[in-house]
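A short write-up of the structure that comes next.
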Amino acid sequence: MDSICVFEHIVPICGTVDDVLPILAILVGFQVLVLRRPIPNLGRALTGFALVLLGLAFFIQGLETALFPLGKLMAAQLTAPEFLGLVGDQAERRPHWQAYLWVYAFAFAIGFATTIAEPSLIAVAIKANQVSAGAIGTWGLRIAVAIGVAVGIALGAYRIVSGTPLHYYIITGYVVVLIQTAFAPRTIIALAYDSGGVTTSTVTVPLVAALGLGLSSNIPGRNPLLDGFGLIAFASLFPIMSLMAYAQLSELFARFNHRRSAKHKET
Amino acid sequence: MSAPKTTEASRTRRTGKQGMRGAFLLQMLRALAESLRDLAPIVAVIAFFQFIVLREPIPNLFDLAIGTVMVVIGLTLFVQGLKLGLFPIGEAMAWDFARKGSLFWLLAFAFCLGFGTTVAEPALIAVADEAAEVAANGGMIDASETARASYAEGLRYTVAFAVGLAIVIGVLRILRGWPIQYLIIGGYLGVVLMTWLAPQEIIGIAYDSGGVTTSTITVPLVTALGVGLASSIEGRNPMIDGFGLIAFASLTPMIFVMGYGIVI
């Protein structure tokens with residue numbers, strides 16, 4: 001699809017305008033034609049929308065000039081046989097999965113770091129904090145989700161190295177999620193399910209995709225087109241588990257503290 | 001709904017213009033500091049791996065510095081805009097739809113929002129093109145340019161339809177108060193069943209397509225819509241019922257993409 005914007009190469013904002021136009025058209029269309037109500041604080045809302053647009057344009061342009069090239073280069077370098085010390089004969093054979101320890105460490109660290117910077121997760125965290133009247137801290141939520149993504153991507157990298165089928169992991173993950181759902185506090189369940197879809201967005205997807213591509217094209221016997229996929233799926237499944245685990249743990253702690261203070265009062 | 005607005009207005013009246021400008025500056029500075037903190041982990045990870053593990057200098061240090069500054073500014077503006085614009089718009093529309101009371105128009109809006117925001121999503125376009133390449137390599141379609149383009153386009157519309165349907169189901173769930181886990185379990189069973197039926201080549205793409213559909217502008221809007229609906233309807237708890245729209249939007253595309261793989 002061609003860009004609607006004429007000055008695409010001059011003004012970085014145009015890419016985002018293309019993404020936003022359909023959304024804006026739907027919002028305005030329904031507001032004017034169906035709801036027929038004036039938007040409260042129209043000026044404020046428009047300023048906000050413009051700020052979001054401008055912010056995203058800066059954000060994405062900045063990522064593309066700074067972090068993405070370097071991150072992608074690093075993913076390629078870390079997965080290169082030369083770096084891993086697999087020379088000649090050894091590279092031909094299937095290297096042991098432990099040769100890739102730095103790759104797993106990178107996968108974990110970059111998964112955590114990109115999730116913390118993910119704007120959509122910030123948005124959901126702000127909303128959850130508002131709705132729960134402060135009971136869910138924005139920072140606790142984001143760290144819990146980021147740990148989930150980190151573990152997921154590290155495990156996904158291991159899967160590409162070891163070559164085991166993707167669906168075994170995903171289906172096992174589903175079973176774990178279902179078991180957790182039965183025990184987790186009710187208020188966290190919907191939010192936890194949401195967190196899976198939220199984490200994989202502007203910052204995470206390009207870097208993680210580069211990692212998957214680098215891994216699968218450097219390991220003998222892997223086809224980048226078939227095995228390079230799947231990291232995103234891990235990154236959207238594991239936060240569900242980590243967020244529910246976080247809620248369960250904090251409930252447990254609260255109960256423990258409660259009991260201890262009760263005992264304290266008795267003595 | 002109107003209560004916080006009045007207190008805010010009276011507060012501005014009381015503090016006056018001078019105080020307002022100071023408060024605004026302070027707020028912007030705090031927001032900048034928060035963006036810096038959000039970005040620090042990425043910079044730390046990249047620096048650690050570049051210097052300690054790979055032992056290489058940073059290429060284009062200038063570009064890196066400029067880009068990082070842009071990212072910080074962008075994130076700060078985005079979060080401010082979110083609070084000023086996207087959240088209030090999403091919630092106000094949810095309240096208006098609840099007041100209007102027309103189920104048809106609410107569901108039509110839900111579908112349009114899901115479909116419209118997904119069909120032009122750049123991440124989805126990229127995934128659809130890659131999927132077409134996989135399909136051509138696997139001999140599922142002709143290797144010609146036109147066959148691939150039509151495959152990619154079909155996939156894109158399939159995913160967009162799946163997301164539209166997901167938001168419709170999610171909105172219905174909020175209205176009726178169905179517990180989310182039963183719907184999600186049903187979705188998981190659908191994914192497992194389709195995995196069993198679908199051609200091997202499509203599975204990885206299908207699983208990934210669930211994650212790429214929800215863009216940075218859709219997420220706050222849809223979240224505000226869900227929370228707004230749940231708080232405008234009596235008997236719904238915004239915490240239990242308001243979230244969950246995104247969850248459906250990342251589940252249905254998996255099922256539909258595998259279905260697309262079976263049909264084509």
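Just report the Cα centroid separation between the range A:206-223 and the range A:150-191, whole Å. Centre-to-centre (Cα) distance: 21 Å. Between A:F229, A:G197, A:T187, the Cα set farthest toward the positive side of the dipole of the range A:186-265 (charges on each charged residue's Cβ, about the Cα centre) is that of A:T187.
Dividing the convex hull volume of the Cα atoms of the range A:103-236 by its residue count, what figure in Å³ per residue is obtained?
On the way: hull volume 12.3 nm³, N = 134.
Enclosed volume per residue, from the Cα hull, is 91 Å³.
Counting only DSSP H runs of at least 4 residues, each contributing -39500 (n - 2.57), and dividing by the residue count of the protein assembly as shown, the helix-based mean residue ellipticity at 222 nm comes to -26000 deg cm²/dmol. One decimal place: the segment B:D63-B:R21 gains 11.8 nm when fully extended, by the rule 0.36 nm per residue minus the C-alpha distance. Pair-distance distribution P(r) for chain B, from all Cα-Cα distances in 10 Å bins starting at 0: 6, 22, 24, 25, 17, 5, 1, 0 percent. The Cα-based radius of gyration and maximum Cα-Cα distance (Dmax) for the range B:42-165 are 22.0, 63 Å.
Give me the Debye-computed log₁₀ of I(q)/I(0) at q = 0.20 Å⁻¹ for the range B:146-205, equal point scatterers on Cα only, no solvent, two decimals. Scattering profile of the range B:146-205, log10 relative to I(0): -0.94.
Scattering from the C-alpha atoms of the range B:107-264 alone, worked out with Debye: what is log10 I(q)/I(0) at q = 0.13, 0.19 1/Å? After summing over all Cα pairs, the log10 values are -0.59, -1.08. Counted without the sites themselves, the longest stretch of chain A free of trypsin sites (Lys or Arg not before Pro) in a DSSP loop having at most 12 other beta carbon atoms within 10 Å is A:94-267. Each residue in B:F109, A:F68, B:F24 was given a count of other beta-carbon atoms within 10 angstrom of its own, and listing them fewest first yields B:F24, A:F68, B:F109.
Across the range B:239-245, rounded Karplus estimates of 3J(HN,Hα) from the backbone phi angles (6.51 cos²θ - 1.76 cosθ + 1.60, θ = phi - 60°) give 6, 7, 9, x, 7, x, 5 Hz, Gly and Pro being marked x. Taking other residues whose beta carbon is less than 15 angstrom from the beta carbon of B:V159, and scoring Lys, Arg as +1 and Asp, Glu as -1, yields -4.
For chain A, take N as its residue count and report Rg(C-alpha) divided by 2.2 N^0.38 Å.
Taking N as the residue count of chain A, the ratio is 1.22.
Normalised by residue count, the range A:115-156 yields a Cα convex hull volume of 57 Å³ per residue. Using the empirical formula 2.2 N^0.38 Å as the baseline, the Cα radius of gyration of the protein assembly as shown reaches a ratio of 0.98.
A short reminder: the numbers here are calculations on the coordinates, not readings from a lab. Note that this is a predicted model, so its numbers are computed, not measured. Heads up, the Cβs are rebuilt from the backbone with ideal geometry, glycines too, and the neighbour counts pull from every protein chain shown.
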